[in-house]
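One structure, as structure tokens, below. Some questions next.
The values are calculated or read from the model by the stated rules, or taken from the named source; none is laboratory data. Quantities reported herein were computed from a predicted structural model and do not represent experimental measurements. With ideal geometry, Cβ positions are generated from the backbone for all residues, glycine too; neighbour counts draw on all protein chains shown.
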Amino acid sequence: MSHAAALTVYKNTTISSMNTLLEDLKAQREGLLGLGFWALAVYRFGHARFIVRNKILRAPWTIVYVILSKLTEIVCGITIGSSATIGRRLCIEHHGCIVIHGAAVIGDDCLIRHGVTIGNIGYKDPFGAPSIGNRVQMGAGAKILGRITIGDDVIIGANAVVVDDVPDNTAVGGVPARPLKATP
């Protein structure tokens, strides 16, 4: 998905950055005090700077983004690649040790708990990041790795290591993750 296309959301309606931030804020249980909200706000800023196609005109915004991103990593313990595609109303519950790869795709209304890694498997496929559906709950310490697809309404248990596709409406857990039961 191109960066311009990433701004077009649900049913091809474009919402402003402020509306997206307000939706993100409402999704956070800790409100303005939640470090997850601030990390997500910095990501949204970094992602939005790609609207400016000219690299020279974009450079000042990139410098500001890099500084804010590093501060977010230090203070919040959350790393989100600016080229990741993140849907609306992502809730980052409990900050710390959260890494989201720049090639990852995350759908709407997802929940990420502390210690979650969404990334590639290694050097052989550096851009092979997961594509995560809508309404997915990721338990504390979950690792979602590789060029895989996670369906809608999936629950990923705490400390699960997901390296294979997961169909819709499934709960997975374990190392490596396996289906536990179908969710209602």
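Can you tell which of Gly122, Gly102, Gly96 is outside any strand (DSSP E or B) and either touching a strand residue (DSSP E or B) at 6+ places or on another chain (Cβ under 8 Å) or among the basic types (Lys, Arg) (or both)?
Gly96
Can you tell me which of (1) buried (at least 18 other Cβ atoms within 10 Å of the Cβ); (2) modelled with pLDDT of 95 or more; (3) assigned to a loop (DSSP other than H, G, I, E, B); (4) not aromatic (Phe, Trp, Tyr) is the one Asp152 doesn't meet?
(1)
From the list Ala84, Ala39, which residue is surrounded by fewer than 20 Cβ atoms within 10 Å (Cβ to Cβ), under 27 Å from Asn159 (Cα atoms) and in contact (Cβ under 8 Å) with a residue 40 or more places away in the chain?
Matching residue, one of Ala84, Ala39: Ala84.
How about the range 41-61: which of its residues are more than 15 Å from Thr20 (Cα to Cα), hydrophobic (A, V, I, L, M, F, W, C) and modelled with pLDDT of 90 or more?
Ile56, Leu57, Ala59, Trp61, listed by residue number.
With respect to the numbered conditions (1) more than 27 Å from Thr149 (Cβ to Cβ); (2) modelled with pLDDT under 90; (3) aromatic (Phe, Trp, Tyr), which one is the sole condition not fulfilled by Tyr65?
Here Tyr65 clears every test but (2).
Let's see how each residue does on (1) under 20 Å from Gly31 (Cα atoms); (2) modelled with pLDDT under 95; (3) out of contact with any Leu (no Cβ under 9 Å at 6 or more places or on another chain); (4) surrounded by 19 or more Cβ atoms within 10 Å (Cβ to Cβ):
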residue: Cys76; (1), (2), (3), (4): yes, yes, no, yes
residue: Arg88; (1), (2), (3), (4): yes, yes, yes, no
residue: Val105; (1), (2), (3), (4): no, no, yes, yes
residue: Ile112; (1), (2), (3), (4): yes, no, no, yes
residue: Val116; (1), (2), (3), (4): no, no, yes, yes
residue: Tyr123; (1), (2), (3), (4): no, yes, yes, no
residue: Gln137; (1), (2), (3), (4): yes, no, no, yes
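Further question on the same structure: Hey, among the residues in the range 46-74 that are closer than 24 Å to Asn120 by Cβ and free of Cβ contacts under 8 Å to residues at least 24 places away in the same chain, which one's surrounded by the fewest Cβ atoms within 10 Å (Cβ to Cβ)?
Ile74
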